[in-house]
Amino acid sequence: LRVRQIARESFSQTRFHNDKNITKEVANKIKEEWAANYFSGNRGDILIVSERNDEVAGFLLAIKTETSTVIDLIAVDSQYRKEGCGTEMINKLAEQKGGDSKPIQVGTQIANISSLVFYQEMGFKMKSAQYVFHKHLWVIILIINYNDTNDKVIIVAEIGNNHEGNFELAMEMINSAY
């Protein structure tokens, strides 16, 4: 629960938070669910936590690949930042790798200057830079139940990224489905 809370409250410079079409609440929820995927077994191989005052102060989630160990998500509660939690967790990850010669890799947003500086101070070197863009589309999914059976027809239609006129198009699709 604490890891999910830290994930929900600790990010501000992610591609989701920087997207003007995604609300802060939705961006925070994405990060919370991202962390929750570790606990449900859907994402991640390693969880490392840092504790302060008998509570989880930060966490690091990592994924092992054939060529590296990737820091998938790392966050520290704002009240414990600048206390060495991030350094502690990355060092612990390096220790857990033991004799494994595969590198540790991490990604962050180019606009996240504090993270870039932190990773450089930890000895990471920039390998590449890229931008991630989101394409926002309206998608309509109609599930139609026939009256006499349990059969369903599912119609999925992408109707574009222009919100104007989409209501009328959606109504046309609904009416034509009956």
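The values are calculated or read from the model by the stated rules, or taken from the named source; none is laboratory data. Bear in mind that the values here come from a model prediction, so they are computed numbers and not experimental data. Don't worry about glycine lacking a Cβ; one is built from the backbone with ideal geometry, like all the others, and counts go over all protein chains shown. Accessible surface is based on the protein model in full, side chains and every heavy atom, while ligands, DNA and RNA are left aside. Shrake-Rupley method; radii C 1.70, N 1.55, O 1.52, S 1.80 Å.
Please compute the net charge surrounding residue 115, taking Lys and Arg as +1 and Asp and Glu as -1 over other residues with Cβ under 12 Å from its Cβ.
Working: positive: 81; negative: 121.
With Lys, Arg at +1 and Asp, Glu at -1, the net is 0.
Would you kindly state how much longer the chain becomes between residue 18 and residue 120 on full extension, computed as 0.36 nm times their sequence separation minus their alpha carbon distance, in nm to one decimal? Provide the component values of the computation, followed by the final result.
Numbers: separation 102, 0.36 × 102 = 36.72 nm, distance 2.26 nm.
34.5 nm is the gain from fully extending residue 18 to residue 120.
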**Prompt:** Hey, rough spin-label estimate for residue 110 and residue 129, points 7 angstrom out along Cα→Cβ, what's it come to in nanometres?
**Reply:** 0.5
**Residue-count net charge about residue 94 - beta-carbon cut-off 13 Å; Lys, Arg +1, Asp, Glu -1** = 0
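Taking 0.36 nm per intervening residue step and subtracting the Cα-Cα distance, what contour gain separates residue 29 from residue 81 on full extension?
Numbers: separation 52, 0.36 × 52 = 18.72 nm, distance 2.14 nm.
Computed gain between residue 29 and residue 81 is 16.6 nm.
What order do 54, 77 take when sorted by accessible area (1.4 Å probe), most exposed first?
On the way: 54 155, 77 15 Å².
Correct descending sequence by accessible area is 54, 77.
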**Complete:** Ranked output for segments 94-100, 16-22 by mean other Cβ atoms within 10 Å, highest leading, reads 16-22, 94-100
**residue 49 accessible area, assembled protein chains, probe 1.4 Å, Å²** = 60
**Prompt:** What ranking, highest mean first, results for peptides 80-88, 30-38 when packing means the other Cβ atoms within 10 Å averaged over each residue?
**Reply:** 30-38, 80-88
**Item:** At R0 = 22 Å, FRET efficiency that the Cβ-Cβ distance of residue 102 and residue 36 yields, to 0.05
**Value:** 0.25
